[in-house]
Structure formats: C-alpha cells, structure tokens
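Step one of this worksheet: look at the structure below.
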Amino acid sequence: MEAVVRALAESHRREILRLVTDRELPAGHIASHFEVTGPAVSQHLRVLKEAGLVTERREGTRRLYRARPEGLMELRAYLESFWDDRLAILKQEAEKEGRKRARAAG
Amino acid sequence: MPEPQADPQSDVIERKVRIEAPPETVFQFFVDPKLYVRWKGRMAWLDPRPGGEYRVAINDKAVAKGEFVEVDPPHRVVFTWGWEGLEATPPGSSTVEVTLTPDGDATILHLVHRGLPVEAVGEHSHGWDHFLGRLVVAGSGGDPGPDPMAGA
C-alpha cells in the first residue's frame, strides 16, 4: 500500500490516472496533455505501473496504458475501516442514549 | 446560443489583447492540449466540439471544468467555465467567449467572461490578465516559461 500512497502523492500522477481511468491511451498521447516533458510523463507512468495502478500493453513500438482499479482496493479498504469504526462508535452512543431515555421515561 | 440573462449579482470581464500570429495559429491554443498547457494549466483534457467537455488542472488544487459551446475555427470559441469542488463558481456556471479577428499578420483576441458572481470577478480578472499575458507570448511562438500559478 505504501507504493500506492506514494504514487498518488504527486498531482501529475493523479491526473494521469484519471486520464486512463476509462480509456487505454498510448504514452505519447498521455504526454500531449501535460506541460511536463515526455520523459517526465514516462517516469510517472513507471511509478504508477510499479504501484499496480496502471497496466501496460505493448502494441508494436507503442506502449498503451490503462488504469487498474483493483490497484486501489487495499487503500480503499484501509480508508473505509476508519468510517466503519466511526459508524460503530456512533451506533453505540446512539444506543446508550436510547437506553438512558427509555429508563428516564420508565 | 441564448443570451445570458441579466443578473444583478453577476458581472462581466472583458479583455482585448494583440497576438503576433494569425487567428489560425491562436485558435489552436484553445483546442490542442499540447498548445493549451503552454499558456494555461499543468494538464488539459479537451473535447473541442459543441457539448464536448474540457478539464484543465491549473495546479494541484484548482481544476477548471466546463463544456465547449461553440467551436468555429479560426474565428470564435465559446465555453462554459467553473471550478471543480467550488460551490460559488461550479463547472458550467459562467461562460467565456473568445473572438479572434485578423489585424495584419497578427490577431486581436477579444475575451468576454459572463455570469460570474460579483465576488469572483476580481480573482478571475487577475487570472485572465495572467494567462492572456502568457498566451500573447506563447501564441507568437515565444516561451512564457513555467507558470508561477502552477505551483511546485
């Protein structure tokens, strides 16, 4: 998960990931959308690939990239665990409050 | 396109600049992502046809988003404007009209931004001055350098 977080910590990489979320694009095409150089974009693609966030496919001399949504599953589960904890605490508190009121009424 | 309704809560930004290049060249800076990012944005995704969406990341936090309304090369391009995640000025909440008129070998670019809430006019005026200044340089074949607004 560390590689995923590190890959996502850079805004160009987040933009690249978004670009290839619902379409497969050649590296050159991806680079044409950015103000940074082609080699810099290639470097970003390499980091994303190593983090398992994009897949690379060769077609002749071209390399095509597409987002790999499974790559985000572990991070997603991690983030969601916080919400689950929060919701469990909230539920407990609500139930405690409910019991208190029931006693006060009874 | 229907005329935007007069709204006392909104104002108009109007700018005119001269660019040392023909309209055919200047127009490309609004529809070709590679040229677009030379004057505005770290990343540009453009679908330059009526109804086509665009998304331009100015920096890490500011992402401009909207739709092309009119694409008439090399004379006129109209697009809606707004910012991802900003409630006061959401994507599509205002409209930018760009008209290009030949002036000898150069182009007069006329920009009109309508429909912004009054409190957003100052910041956007500053923004257009900044970016049109860069377009004047990039459009004529120069290098405006890295954009200080793009951040690290």
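Report, by chain and number, residues whose modeled amide H sits under 5 Å from the one on B:Ala21, excluding near sequence neighbours (fewer than 5 apart, same chain).
Close amide H contacts, sequence-distant or interchain: B:Thr107.
Using the Karplus curve 6.51 cos²θ - 1.76 cosθ + 1.60 with θ = phi - 60°, work out ³J(HN,Hα) for each residue of the stretch B:120-132 in order, rounded to whole Hz, and write x for Gly and Pro.
9, 5, x, 4, 5, 4, 4, x, 5, 4, 4, 6, 5
Residue by residue through A:11-19, how many Cβ atoms from other chains fall within 10 Å of the Cβ on average?
Per-residue shielding by partner chains comes out at 4.
Setting aside same-chain residues fewer than 8 positions from A:Lys91, which lysines have a Cα under 20 Å from its Cα?
Those lysines meeting the cut-off are A:Lys100.
Around B:Ser94, which amide H atoms from residues at least 5 apart in sequence, or from another chain, sit under 5 Å from its own amide H, with H modelled in the peptide plane?
It is B:Trp81, by chain and number.
Per the Kirkwood formula on distinct C-alpha pairs, the Rh of the protein assembly as shown is how many angstrom?
Mean inverse Cα-Cα distance, inverted, gives 21.0 Å.
Pop out the ³J(HN,Hα) list for the stretch B:44-52 in order, Karplus 6.51 cos²θ - 1.76 cosθ + 1.60 with θ = phi - 60°, rounded to Hz; leave Gly and Pro as x.
10, 10, 10, 10, x, 8, x, x, x
In what order do B:Glu70, B:Glu123 fall by count of nearby beta-carbon atoms within 10 Å, going from fewest to most?
Least to most surrounded, the residues fall as B:Glu123, B:Glu70.
Can you put A:Met1, B:Met149 in order of Cβ neighbours within 10 angstrom, beginning with the fewest?
Going from sparsest to densest Cβ surroundings: A:Met1, B:Met149.
Quick one: 3J(HN,Hα) in Hz for the stretch A:82-90, Karplus 6.51/-1.76/1.60 with θ = phi - 60°, rounded, Gly and Pro as x.
So the Karplus estimates, Gly and Pro as x, are 5, 5, 4, 4, 4, 5, 4, 5, 4 Hz.
What is the order of A:Thr37, B:Thr99, A:Thr61, fewest Cβ neighbours within 10 Å to most?
Taking fewest neighbouring Cβ atoms as first place, the list is A:Thr61, A:Thr37, B:Thr99.
In debye, nearest 20, what is the charge dipole magnitude of chain B about its Cα centre with +1 on Lys and Arg Cβ and -1 on Asp and Glu Cβ, if you could check?
Result for chain B is approximately 360 debye, rounded to the nearest 20.
Using alpha carbons only, how many angstrom separate the centre of the stretch B:77-152 from the centre of the stretch A:64-100?
41
Over chain B, what is the mean sequence separation of C-alpha contacts under 8 Å (at least six apart), divided by residue count, expressed as relative contact order in percent?
29
Read-outs throughout are calculated quantities, based only on the coordinates presented, and are distinct from any laboratory measurement. Note that the structure is predicted; figures quoted are calculated from it, not measured. Don't worry about glycine lacking a Cβ; one is built from the backbone with ideal geometry, like all the others, and counts go over all protein chains shown.
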